[in-house]
Structures are given as structure tokens and as C-alpha cells.
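Student: What follows is a single structure, and I will ask about it in a moment.
The values are calculated or read from the model by the stated rules, or taken from the named source; none is laboratory data. Since we're looking at a predicted model, the values are computed, not measured. Here Cβ is always computed from backbone atoms with ideal geometry, including for glycine, and neighbour counts include all displayed protein chains.
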Amino acid sequence: MKTVLVTGGAGFIGSHTCVELLNEGYDLVVVDNLCNSDACALDRVQEISGRTLDFVRADIRDSAALNDIFSRYSINAVVHFAGLKAVGESVAEPLKYFDNNVNGTVVLLQAMQRHEVFNIVFSSSATVYGDPASLPIKEDFPLAAVNPYGRTKLIIEQILFDLGKSDSRWQSVLLRYFNPVGAHPSGLIGEDPNDIPNNLMPFIAQVAIGRLQELSIYGGDYATPDGTGVRDYIHVVDLAKGHLAALSHIVQTPGTVAYNLGTGQGYSVLEMVKAFAAAADKPVPYKIVARRPGDAAQCYADPALAAEKLGWRAELGLERMMEDTWRWQSQNPQGYRQ
Ligand code: NAD
Ligand code: UDP
């Protein structure tokens, strides 16, 4: 498991995972088309780790480019982050999502098969549980897609289950992320959305830095302690370390296995706003508006299976998530575009 191909490695979660993989001694090849990221993130990854990686700017749907990578490097495993992730856009442009995420993964898996690379760690999401009937969410809960983005994750999971059944050489770990937030403690890499953020944490951070005026809190009348939505926020460095655990585990587990990566602890939107304002020592103006269609009241993981089987658990708490986000945002007010 020496050389790992990281797809989407210039992105938010990919860049943090590259740091942890390099620190652990893996050699990395990153393939990314930079449709939602900046190559500068990879320079920073190398600066933090003090190691180099090889970067190929290419689309995972480009079969020839992938063939070239698998021919040039002796790849042992793939960590597959590349994908589009905006729920609203996926509703408006489903074909874009099926092409990029599903077709992109099929092209990647075909290239892997051709070059006899059968180990893959895939970025799935808690969205595959749809609207869960109870909490906390366990891996054996029923799966459902509630939007085209979620459907791409579900389809890719099913493809990996089918591959595992078709040929015992395939070994896939599906990591179902809950809500990744935070940034590397160096303040050098973090989340840098292209447009106005859809997600809560980058939105709050951009309000605090003055790029956005005010946070709209979607719904104040949920059946939660303070009426605002509750989610399982996980520090991106903890999440990145979950991929190390998955890679060391993958060789011992044939077939396809899914794990929740979350903390098991839910926080409300108002708790998040308060914690961020305290860490940044800045006010975060907000107003409570109508619910966002499709949002669940609460969502949090049962992370026991990952602890038991992968020996992984989240270690960083809310305060670190906030401090590290603020360090990244205040040191890079415009993200990577300085
Ligand atoms: P991101 O957009 O920051 O990173 C994705 C990277 O993939 C980007 O660098 C982008 O340029 C690249 N990419 C996209 N399509 C590509 C293609 N066809 N070819 C090559 N590169 C391509 O997103 P992220 O937050 O780091 O998410 C990484 C993965 O985790 C995604 O698959 C996402 O769906 C999944 N995920 C994210 C979250 C979250 O809240 N951030 C939650 C659950 C799952
Ligand atoms: N949210 C909000 N305002 C925003 C963005 C998000 O109130 O501008 C809320 C959202 O309703 C949910 C929580 O914050 O309760 C997390 O939303 P996010 O989009 O970050 O992640 P999701 O859980 O929807 O994937």
C-alpha cells in the first residue's frame, strides 16, 4: 500500500487527507481537474508535510489520462474524492451529476480493473440514509436517495457492492461522511467554496470575516432543543485520518464495507453560531428564515462500527473545529485567491 492515487486531492477533504497520507509515508499521485479547487492547495499540502507529491491535472472521465497514470505509476490503492457535491445544482442539472460522479467513477473503476488495482476508498455521504426513521444512524439502516447528488452516491455504492460480488479481488471501503468542517491547524489549507457557500460552516466563516452580511438560519421551529437543525459536525483532520484507517484495514477485508465517519454528537445551528463567534471573537449576525426544502431536523451518526473495525474515532471537539476554521479564514480572507 505504498503508492496511492488520490482523485479530487486538491479539494477540501482531499487536500487534508493528502497531508495525513504524506505524513504517514505514502507516496501520492493526485488527479484533479480543478473544477472546484486551486492547485495552490497542493503546494500548501507539500509545504505542511515537507514532502512532494505528483499532480496530474485531468478529468477522471478521461480514460486515456487515467491509463497513462496507471501505466506510469505502480498504484496500490485509490482514494476517490473527485465528485460534484452541490445538492441544489444536482436538482437543477441531474445529468451533470450522473455524468461527472457516476460515469466518472465507472471510467476510474475500468482503468483500475485494466491495471489490476482493486483497492478503493470511496467518499460516500450520510445523505445515503435519506430521511432516517431513527437516530443515531447505523450502517445497516435502510438507504434512500432524496436528491440527484445523493442518488449518485447511492449508485456508486451499489456499483462497488456489485464489483465485490463479481470478483473477490475488489476491496472497497465506503466512508459515509457526516458534516465535515474545520481546517488544518497550520491555517494553510481549508474549505474554499467557489461561489456563495451552500454549507453552514463556510457561510458562518465568511460572515465573520465580512465577505457576507448575515447568516440565514433555515428554520427555527424544528423539534430540536432550540428549534434549529442538528447535525454531526466532524473535524476534517479527524475525517482525513479515517482514510488512513480505511487504507490499513482494506487489505484484511475482502468485499465492500461501509462505515460512518462522524462523532456521534449533534450540534444545532445556533450552537454552531455561538461557538464560532466565541472562537473568532466576532459577532455572527443571523436571522431565522423558512426551512430549506429537503432538510432533516436532526442527523447524527453511530460511529461505533468504525471504532470497532477500523480502530478509528474522532478526537477533535467543537472548539477546535471553530478555532481552526477561523485561523484558515482569517489568514486567507479570499481563500486561495489572494
Ligand atoms: P471539493 O469540491 O472540495 O473536492 C472535490 C474535488 O474533486 C475538487 O478538487 C474538484 O476539482 C475535483 N473533481 C470534481 N470532479 C472531477 C472530475 N470529473 N475529475 C477530476 N477531478 C474532479 O469537495 P469535498 O468537500 O472535498 O468533497 C470530497 C468528496 O467527499 C466528494 O465526493 C463529496 O461528494 C464527498 N462528501 C463531501 C461532504 C462535504 O460536506 N464536504 C460530505 C459528504 C461527502
Ligand atoms: N444551514 C443554515 N443556513 C445556511 C446553511 C445551512 O441554517 O446558510 C443549516 C441547515 O439547514 C442544516 C445545517 O445548517 O440544519 C447544516 O447544513 P449544511 O448545508 O452545512 O449540511 P447538510 O447537513 O445539509 O448536508
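Student: Is it the case that some residue within segment 147-170 is among the aromatic types (Phe, Trp, Tyr) and under 20 Å from the mean Cα position of the chain (by Cα)? Give the steps one after another, and end with the answer.
Tutor: Applying the first criterion (among the aromatic types (Phe, Trp, Tyr)) to segment 147-170 yields 149, 161, 170.
Now narrow it down to the ones that are under 20 Å from the mean Cα position of the chain (by Cα): 149.
Yes, segment 147-170 contains a residue that is among the aromatic types (Phe, Trp, Tyr) and under 20 Å from the mean Cα position of the chain (by Cα).
Student: Could I ask something else about it? Of all residues being out of contact with any helix residue (DSSP H, G or I) (no Cβ under 9 Å at 6 or more places or on another chain) and among the aliphatic types (A, V, I, L, M) in segment 236-277, which is surrounded by the most Cβ atoms within 10 Å (Cβ to Cβ)? Just the residue, please.
Tutor: Ranking the qualifying residues of segment 236-277, first place goes to Ile250.
Student: Of all residues in segment 256-270, which are away from ligand 1 (no atom under 16 Å from the Cβ) and within 22 Å of the chain's Cα centre (by Cα)?
Tutor: Thr256, Val257, Gly264, Gln265, Ser268
The rows are residues; the columns are (1) touching a residue at least 24 places away in the same chain (Cβ under 8 Å); (2) in contact with a Gly (Cβ under 6 Å, 6 or more places away or on another chain); (3) at positive phi; (4) within 16 Å of ligand 1 (Cβ to nearest atom).
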{"position": "Lys274", "(1), (2), (3), (4)": "no, no, no, no"}
{"position": "Asp281", "(1), (2), (3), (4)": "no, no, yes, no"}
{"position": "Val284", "(1), (2), (3), (4)": "yes, no, no, no"}
{"position": "Gly294", "(1), (2), (3), (4)": "yes, no, yes, yes"}
{"position": "Lys309", "(1), (2), (3), (4)": "yes, no, no, no"}
{"position": "Glu323", "(1), (2), (3), (4)": "yes, no, no, no"}
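Student: Return the total of residues in segment 200-242 being under 18 Å from the mean Cα position of the chain (by Cα) and under 28 Å from Leu310 (Cα atoms).
Tutor: Count: 13.
Student: Testing Asp131 on (1) within 14 Å of ligand 1 (Cβ to nearest atom); (2) under 20 Å from Asp295 (Cα atoms); (3) charged (D, E, K, R), one condition comes back false. Which one is that?
Tutor: Evaluating Asp131 over (1) within 14 Å of ligand 1 (Cβ to nearest atom); (2) under 20 Å from Asp295 (Cα atoms); (3) charged (D, E, K, R) leaves (1) as the failure.
Student: Among the residues of segment 76-111, how many are buried (at least 21 other Cβ atoms within 10 Å of the Cβ) and either in contact with a strand residue (DSSP E or B) (Cβ under 6 Å, 6 or more places away or on another chain) or among the basic types (Lys, Arg) (or both)?
Tutor: Within segment 76-111, residues that are buried (at least 21 other Cβ atoms within 10 Å of the Cβ) and either in contact with a strand residue (DSSP E or B) (Cβ under 6 Å, 6 or more places away or on another chain) or among the basic types (Lys, Arg) (or both) number 7.
Student: Another question about this same structure. Scanning for something farther than 20 Å from Val181 by Cα, more than 16 Å from ligand 2 (Cβ to nearest atom) and touching a Leu at 6+ places or on another chain (Cβ under 9 Å), does segment 32-42 turn up at least one residue?
Tutor: Yes, because at least one residue in segment 32-42 is farther than 20 Å from Val181 by Cα, more than 16 Å from ligand 2 (Cβ to nearest atom) and touching a Leu at 6+ places or on another chain (Cβ under 9 Å).
Student: Hey, can you tell me all the residues within segment 29-65 that are out of contact with any His (no Cβ under 7 Å at 6 or more places or on another chain), more than 10 Å from ligand 1 (Cβ to nearest atom) and either in contact (Cβ under 8 Å) with a residue 60 or more places away in the chain or part of a helix (DSSP H, G or I) (or both)? Can you show your working first?
Tutor: Within segment 29-65, the subset out of contact with any His (no Cβ under 7 Å at 6 or more places or on another chain) is 29-47, 49-65.
When the remaining residues are screened for being more than 10 Å from ligand 1 (Cβ to nearest atom), the result is 29, 40, 43-47, 49-55, 63-64.
Matches in segment 29-65: Cys40, Asp43, Arg44, Val45, Gln46, Glu47, Ser49, Ser63, Ala64.
Student: Here's another thing I want to ask about it. If only one of Tyr233, Tyr222 is in contact with a helix residue (DSSP H, G or I) (Cβ under 9 Å, 6 or more places away or on another chain), at pLDDT 95 or above and either of a type outside the set (A, V, I, L, M, F, W, C) or away from ligand 2 (no atom under 16 Å from the Cβ) (or both), which one is it? Spell out the reasoning first.
Tutor: Working: Tyr222 fails: in contact with a helix residue (DSSP H, G or I) (Cβ under 9 Å, 6 or more places away or on another chain).
Checking each option against the conditions leaves just Tyr233.
Student: Yes or no: Ser216 among the hydroxyl-bearing types (Ser, Thr, Tyr), at pLDDT 95 or above, under 22 Å from Leu247 (Cα atoms) and in contact with a helix residue (DSSP H, G or I) (Cβ under 9 Å, 6 or more places away or on another chain)?
Tutor: Values: among the hydroxyl-bearing types (Ser, Thr, Tyr): yes; at pLDDT 95 or above: yes; under 22 Å from Leu247 (Cα atoms): no; in contact with a helix residue (DSSP H, G or I) (Cβ under 9 Å, 6 or more places away or on another chain): yes.
Taking the combined requirement at face value, the residue does not satisfy it.
Student: I need the full set of residues from segment 67-99 which are out of contact with any His (no Cβ under 9 Å at 6 or more places or on another chain), free of Cβ contacts under 8 Å to residues at least 60 places away in the same chain and either more than 16 Å from ligand 2 (Cβ to nearest atom) or in a loop (DSSP other than H, G, I, E, B) (or both), in order please.
Tutor: Residues satisfying the conditions are Asp68, Arg72, Ala92, Glu93, Pro94, Leu95, Lys96, Phe98, Asp99.
Student: Do we find that Thr263 is of a type in the set (S, T, N, Q) and farther than 24 Å from His16 by Cβ in this structure? Walk me through it before giving the result.
Tutor: Numbers: of a type in the set (S, T, N, Q): yes; farther than 24 Å from His16 by Cβ: no.
No: the conditions fail for Thr263.
Student: Output the number of residues of segment 106-142 satisfying the condition of being in a helix (DSSP H, G or I) and farther than 16 Å from Tyr177 by Cβ. Lay out the reasoning, then the answer.
Tutor: Start the filter on segment 106-142 by keeping residues that are in a helix (DSSP H, G or I), which leaves 106-114, 126-128.
This time we only want the ones that are farther than 16 Å from Tyr177 by Cβ, so: 106-114.
Number of matching residues: 9.
Student: Looking at segment 171-214 only, could you name the residues that are more than 13 Å from ligand 1 (Cβ to nearest atom), in a strand (DSSP E or B) and not aliphatic (A, V, I, L, M)?
Tutor: Scanning segment 171-214 gives Gln171, Ser172.
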